[in-house]
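J.: Got a structure here, written out as structure tokens. Questions coming.
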Amino acid sequence: VQLQASGGGLVQPGGALRLQCAAPKTVGCAADMGWYRQAPGQQRAFVASVSSGGTTRYADSIEDRFTASRDNRKNMVYLQMDRLKPEDTAIYYCFVKRRVTPTYEYWGQGTQVTVSS
């Protein structure tokens, strides 16, 4: 199962980007969908997630600048990123993770976000 992430790019500090990720219709029910990111030389880190019921969670470092959402009809998850900073530069990976039986975890291929003047 492969998720398809898109929407990355080059943006100036203070700018905005919207990432989106499409999951196959066979996954997503009773599962969390969301985003991790990996900056150069660092481990992959949690960014945000949305449960199937719409509950969101965010990393502390996001500081209310990002908004995660999902469309269950389309099986898509989004990440609206505002007031971007250079330290947000990373490859952003979407995921879908189900913790109840049958459990599974799938990832997208990553989309590059570069924040630079």
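J.: Can you find a residue that is open to solvent by 60 Å² or more (accessible area, probe 1.4 Å), of a type in the set (K, R) and under 14 Å from D32 (Cβ atoms) anywhere in segment 68-89?
T.: no
J.: Do you know which of the residues in segment 70-102 that are in contact with a strand residue (DSSP E or B) (Cβ under 8 Å, 6 or more places away or on another chain) and among the polar types (S, T, N, Q) is nearest to Q43 (Cα to Cα)?
T.: T89
The values are calculated or read from the model by the stated rules, or taken from the named source; none is laboratory data. Quick caveat: nothing in here was measured; it's all calculated off a predicted structure. Counting neighbours? That spans all protein chains shown, and the Cβs are built from the backbone with ideal geometry, glycine included. What goes into the accessible areas is simple: the full protein's heavy atoms, side chains included, and nothing from ligands, DNA or RNA. Shrake-Rupley method; radii C 1.70, N 1.55, O 1.52, S 1.80 Å.
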